[in-house]
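Undergrad: Here it is: the structure, laid out below.
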Amino acid sequence: MLELLLIVVALAGLVWIMRREAGALPALGLLLILGALGIVFGAVTVGVLLWLGALAVAACGLPILRRRWLTPRLFTAFKKSAPKVSETERIALEAGSVAWDGELFSGRPQWQRLLDFGTTQLSEEEQAFVDNQCSVAAGMCNAWEIARTRADLPPELWDYLKREGFFGMIIPKRYGGLEFSAKAQSAVLQKLAVNETLMVTVGVPNSLGPGELLLKYGTEEQKDHYLPRLADGREIPCFGLTGPRAGSDATSLPDVGVVCRGKHNGEDVLGLKLTFEKRWITLAPIATVVGLAFRMFDPDGLLGDTEDLGITCALIPRNTQGMEIGRRHHPIGSPFMNGPIRGQDVFIPLDWIIGGTEMAGQGWRMLVECLSVGRCITLPSGASGIGRYALGWAGGYTRIRRQFNLPVAEMEGVQEPLARIAAHAYIAQAAVMQTANTIDHGVKPAVPSAILKSQLTEFQRNMLADAMDVHGGRTVTLGPRNYLGIAYAANPVSITVEGANIMTRNLMIFGQGAIRCHPYVLDELAAKDNDDLPAFDKAIFRHAGMVFGNAARAFTLGLGIGKPSVPFDEIAAPYAQEVARLSAAFGLCADAAMASLGSGLKKREMLSARLGDVLSNLYLTSMLLKQWHESDNVEHEATLLHYSCRTLLHRAEQAFIELFDNLPNRALATTLSGIAMPLGRRWHKPHDRFTRDIAHAVSTDSALRHKLIENTWNTQDAGQKDNPLARYNALLADSERAEPLYRRIAKAYGKGELPAEALHPEQRVEAAWEAGLIDEDDAIFMRRFEREVLEMLSVDDFAFDAFALDKESVVWHDTA
Ligand SMILES: Cc1cc2nc3c(=O)[nH]c(=O)nc-3n(C[C@H](O)[C@H](O)[C@H](O)COP(=O)(O)OP(=O)(O)OC[C@H]3O[C@@H](n4cnc5c(N)ncnc54)[C@H](O)[C@@H]3O)c2cc1C
């Protein structure tokens, strides 16, 4: 009996110590005391075993002992197996900073650290810009006209955007820019996402490109010249990195700049002869200044000893001799400005290099550093914005579209996609605004930027597809009345640009995050590079403590023992505790995968992607919980939170399961699965009752619907283009009155109390009024309501030859 008791107490004590990562000393003390008790009270065998355990802990855990025999051996093995970090990867790893992503990697997320990034509201000036200027800009857009009739934004909109400073959101006020916070930039882009051409046109100059590069790295002279001109739209920038041979692998770009002497403004100066071919460059056809990335060489040693200086960025005015620019590509679905740029032996002076000659060869570092912020904002905001429009339109349409005598929103098959859109939009907005908020606190979220870019643009793809499905033929039919089809067609643009999603998911999120966010791996690699054994010892044994700690936390939390206390209300707390549990499991699995596959993990992209999926889903859940914690929640929002958190946690667990199914070391996979999910899967897809509630709320005039479409363009002012969202909102406000009238009329018709030939809703309203079933007021109301419904159900049709670019080639079929 005593033996059993000692073993149980020893195991429980060790797990407790491991969970706290308390180090070797407490473990040593525990084993020595229990061993002594065993020997004194007659359980000699167990007592001796416990002392042997203590010996092992001392030998491996006490620095003074382990540094003599264990650490040197581990160091030698580590030097052989640690992955080589290329220069390009090192630059990527050093860019940006680590915040909540690092907490998730540690397996012990301290929620207070996340909550300390308190979210502030937009300033009055920022909110007024979102309310006014963004509404005016959105109200000048007609998607059909922009996409098909003129293949451009209307000139008055271009003028407005320049005049109001839309292109200078990131430029400080002292240069004439708006100097908006990251949150405000995101809010602007979300609102402008009502039209993807508008969103891209405003998003690109405010994202990675000349403006940001100049701000961070430009010389004073360059800043003074360009920033005021970029802020008021006198200069339109573009940035050319991609070419026919270099896409995702951008550092392989074959465009060159060779240092030489040449003539500039009649003077003989030192400069660069550039030869390049770029494609898919957004805004290039109308750009006045081109940011160009190229590889810089100095074969004649005109600048120094280095021949290959590396990737460099320069700013080149459009009219520079030899530059071919102005042709257009035709991005799918959307006519935003995009085209190729070519140049052969184009001579530029050295002071056109961004940051001057000092920054020669620093181009890749500059780009990667800027990417961590820009990639969090532009495309994720576009995704969140269009998702909320899709929700508003889909909720409105499915309520007014009646089939089988019911609004289709009442049908469970339609409710499923409606709830999905709502959850995706809700998560996307929380993720983008909360991450932008951390940027406003000074964080440069490198790994979250990859998470947001890939996850939110995938959400966008799903939201648009779901919205298309619930609209049926209404949005399949293109024309001025179709508010959704063009955005749906243009969706692949977001999937592809700024790091194509497949690569971002498979390679970057975990591949970059594992080293970047891991509390110890970077230190271990640095110790390896510096051949610093004490530093290695410190890092590797803290790392070991973390592995044991994560195993203990994942296992005990998986059994429901010792749930951490979390600073959330009773609705959010269980999800925060689950994030903590899965974060411990993630930390353990990440270490196990790295240890078992070593540098081979880089090539096992499918495994890396699943680890990335776990991290992404935990990150998104955290952002949602923080938003919930900070905002005033409305009726039905708790249901949406449950639905969203369950969806994300289900996805995280699914990624774990697929990881365990595919880890090549089967014994390790089984052990990890047993520790991380001792009771099997916990999270299933959300229950149908959540789906029904959410779908009903977003397709009626509810507080939840209004909250989800807050800060979208949902007003209809005089002189603006038609706003379908405003019309749906008005219809939903009226549909509470219309619904009982529909039911009364349908019942009477079913009983034969109305003429059988009254097949149209309008005819039935008249018949019901004549039969005294509804009064004059209701009849007037229903006539107007039905007219508006029919308007919103209608689609466009065109002349027979309307779509042919070459009217001459049209064959007029003989239909006689
Ligand atoms: C409309 C549009 C606008 C653009 N605007 C600009 C711009 O303004 N400036 C600019 O410089 N560039 C721009 N680009 C280029 C854009 O950034 C690239 O398209 C993108 O980097 C991907 O390159 P790629 O299309 O050549 O795909 P590829 O690199 O050929 O990739 C093909 C597929 O392979 C996958 N893949 C590649 N490598 C890996 C890997 N290691 N692991 C897993 N999967 C991988 C990719 O995810 C992708 O799915 C634009 C592109 C488009 C289409």
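The values are calculated or read from the model by the stated rules, or taken from the named source; none is laboratory data. Quantities reported herein were computed from a predicted structural model and do not represent experimental measurements. So basically every Cβ, Gly included, is an ideal-geometry build from the backbone, and we count neighbours across all protein chains shown. Surface accessibility is based on the protein's heavy atoms, side chains included, excluding ligands, DNA and RNA. Shrake-Rupley method; radii C 1.70, N 1.55, O 1.52, S 1.80 Å.
Undergrad: Of all residues in the stretch 653-676, which are closer than 30 Å to Ala425 by Cβ and not charged (D, E, K, R)?
TA: Those that are closer than 30 Å to Ala425 by Cβ and not charged (D, E, K, R): Gln654, Ala655, Phe656, Ile657, Leu659.
Undergrad: For the subset of the stretch 268-287 comprising residues that are in contact with a strand residue (DSSP E or B) (Cβ under 7 Å, 6 or more places away or on another chain) and of a type in the set (Val, Ile, Thr), which member is least open to solvent (accessible area, probe 1.4 Å)?
TA: Ile281
Undergrad: Follow-up question, since we're still on this one. Quickly run through the stretch 574-588 and pick out the residues that are within 24 Å of the chain's Cα centre (by Cα) and either over 15 Å from Arg108 (Cβ atoms) or of a type outside the set (A, V, I, L, M, F, W, C) (or both).
TA: Once the filter is applied, which keeps residues that are within 24 Å of the chain's Cα centre (by Cα) and either over 15 Å from Arg108 (Cβ atoms) or of a type outside the set (A, V, I, L, M, F, W, C) (or both), the stretch 574-588 yields Tyr575, Gln577, Glu578, Arg581, Ser583, Gly587.
To keep it simple, each residue is scored yes or no on (1) among the charged types (D, E, K, R); (2) open to solvent by 10 Å² or more (accessible area, probe 1.4 Å).
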residue: Glu410; (1), (2): yes, yes
residue: Gln415; (1), (2): no, yes
residue: Val432; (1), (2): no, no
residue: Glu458; (1), (2): yes, yes
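Undergrad: So Gly326 ticks every box in (1) within 14 Å of the ligand (Cβ to nearest atom); (2) at pLDDT 95 or above; (3) surrounded by fewer than 21 Cβ atoms within 10 Å (Cβ to Cβ) but one. Which box is left unticked?
TA: Gly326 satisfies every listed condition except (1).
Undergrad: Any idea which of Leu25, Leu74, Leu37 is within 20 Å of Leu533 (Cα to Cα) and open to solvent by 60 Å² or more (accessible area, probe 1.4 Å)?
TA: Being within 20 Å of Leu533 (Cα to Cα) and open to solvent by 60 Å² or more (accessible area, probe 1.4 Å) holds for just one of Leu25, Leu74, Leu37, which is Leu74.
Undergrad: Can you tell me how many residues within the stretch 461-517 are open to solvent by less than 20 Å² (accessible area, probe 1.4 Å) and charged (D, E, K, R)?
TA: Final tally of qualifying residues: 2.
Undergrad: Can you pull out the residues in the stretch 747-769 that are open to solvent by 70 Å² or more (accessible area, probe 1.4 Å), part of a loop (DSSP other than H, G, I, E, B) and more than 18 Å from Val789 (Cα to Cα)?
TA: Lys751, Glu753, Ala756, Glu757
Undergrad: In addition: Just name the residue that is modelled with the highest pLDDT out of those in the stretch 703-719 that are more than 16 Å from Tyr397 (Cβ to Cβ) and of a type in the set (S, T, N, Q).
TA: Asn711
Undergrad: Which one is nearest to the ligand (Cβ to nearest atom) among residues in the stretch 248-265 that are open to solvent by less than 40 Å² (accessible area, probe 1.4 Å) and of a type in the set (Gly, Ala, Ser)?
TA: The selected residue is Ala250.
Undergrad: Something else now. Would you confirm whether any residue within the stretch 373-384 is under 29 Å from the mean Cα position of the chain (by Cα), among the small types (Gly, Ala, Ser) and more than 16 Å from the ligand (Cβ to nearest atom)?
TA: yes
Undergrad: I need the full set of residues from the stretch 201-229 which are within 16 Å of the ligand (Cβ to nearest atom), open to solvent by 10 Å² or more (accessible area, probe 1.4 Å) and modelled with pLDDT of 95 or more, in order please.
TA: None; the set is empty.
Undergrad: Leu157 is checked against (1) in a loop (DSSP other than H, G, I, E, B); (2) more than 16 Å from the ligand (Cβ to nearest atom); (3) more than 27 Å from the chain's Cα centre (by Cα) and fails just one. What number does that condition carry?
TA: (1)
Undergrad: Here's something else I'd like to know. What number of residues within the stretch 73-109 are under 17 Å from Pro445 (Cα atoms) and polar (S, T, N, Q)?
TA: Going through the stretch 73-109 one residue at a time, the tally reaches 2.
Undergrad: Hey, another quick one. Within the group Ala22, Ala36, Ala10, which residue is out of contact with any strand residue (DSSP E or B) (no Cβ under 7 Å at 6 or more places or on another chain), assigned to a helix (DSSP H, G or I) and closer than 30 Å to Gly587 by Cα?
TA: Ala10
Undergrad: Another one. Does Arg234 count as at negative phi, within 11 Å of the ligand (Cβ to nearest atom), surrounded by fewer than 22 Cβ atoms within 10 Å (Cβ to Cβ) and not in a helix (DSSP H, G or I)?
TA: no
Undergrad: Could you give every pair whose Cβ atoms fall below 8 Å, whose first residue belongs to the stretch 493-506 and is at pLDDT 95 or above, and whose second residue is more than 6 Å from the ligand (Cβ to nearest atom) and in a loop (DSSP other than H, G, I, E, B), counting only separations of at least 6 or pairs across chains?
TA: From the stretch 493-506, the pairs are Val493/Ile332; Val493/Gly333; Val493/Ser334.
Undergrad: I've got another one for you. Considering the stretch 333-369 alone, what residues qualify as being within 14 Å of the ligand (Cβ to nearest atom), out of contact with any strand residue (DSSP E or B) (no Cβ under 6 Å at 6 or more places or on another chain) and of a type outside the set (A, V, I, L, M, F, W, C)?
TA: Gly333, Ser334, Pro335, Gly339
Undergrad: Enumerate the helices (runs of 4 or more DSSP H) found wholly within the stretch 440-516, keeping only those where 1 or more residues are within 16 Å of the ligand (Cβ to nearest atom).
TA: 446-471, 485-496, 509-516
Undergrad: Here's another thing I want to ask about it. Looking only at residues that are in contact with a Leu (Cβ under 8 Å, 6 or more places away or on another chain) and of a type in the set (S, T, N, Q) in the stretch 436-456, which one is least open to solvent (accessible area, probe 1.4 Å)?
TA: Ser449
Undergrad: Would you pick out the residues in the stretch 82-98 that are buried (at least 21 other Cβ atoms within 10 Å of the Cβ) and either acidic (Asp, Glu) or modelled with pLDDT of 85 or more (or both)?
TA: Across the stretch 82-98, there are no qualifying residues.
Undergrad: Name the residue that is farthest from the chain's Cα centre (by Cα), counting only residues in the stretch 668-692 that are of a type in the set (Ser, Thr, Tyr) and buried (at least 18 other Cβ atoms within 10 Å of the Cβ).
TA: Out of the qualifying residues, it is Ser673.
Undergrad: Next question, about the same structure. Consider only pairs whose beta carbons are under 6 Å apart and that are at least six residues apart or on different chains; among these, list those whose first residue lies in the stretch 253-282 and is closer than 13 Å to Phe347 by Cα and whose second residue is away from the ligand (no atom under 16 Å from the Cβ) and among the hydroxyl-bearing types (Ser, Thr, Tyr).
TA: These pairs meet every condition: Val256/Thr275.
Undergrad: Going by the conditions given, is Arg90 closer than 30 Å to Leu620 by Cβ and out of contact with any helix residue (DSSP H, G or I) (no Cβ under 6 Å at 6 or more places or on another chain)?
TA: Here the answer is yes, as Arg90 does meet what is asked.
Undergrad: Please determine, by comparing only the residues of the stretch 288-304 that are buried (at least 20 other Cβ atoms within 10 Å of the Cβ) and farther than 21 Å from Gln321 by Cβ, which one is nearest to the ligand (Cβ to nearest atom).
TA: Here the residue is Arg295.
Undergrad: Starting from the stretch 364-379, keep only residues that are over 16 Å from Ala293 (Cβ atoms), then list their pairs with residues that are of a type in the set (S, T, N, Q) and open to solvent by less than 10 Å² (accessible area, probe 1.4 Å) whose Cβ atoms are within a distance under 6 Å, requiring at least 6 positions of separation or different chains.
TA: Ser372/Ser449; Arg375/Ser449; Cys376/Thr435; Cys376/Ser449; Ile377/Ser186; Thr378/Ser207; Leu379/Thr457
Undergrad: Something else: Can you confirm whether the stretch 697-704 contains a residue that is among the β-branched types (Val, Ile, Thr) and in contact (Cβ under 8 Å) with a residue 40 or more places away in the chain?
TA: Within the stretch 697-704 (the criterion being among the β-branched types (Val, Ile, Thr) and in contact (Cβ under 8 Å) with a residue 40 or more places away in the chain), the answer is yes, since at least one residue qualifies.
Undergrad: Which condition number does Leu198 fail, the rest of (1) modelled with pLDDT under 95; (2) buried (at least 24 other Cβ atoms within 10 Å of the Cβ) being met?
TA: Among (1) modelled with pLDDT under 95; (2) buried (at least 24 other Cβ atoms within 10 Å of the Cβ), Leu198 violates only (1).
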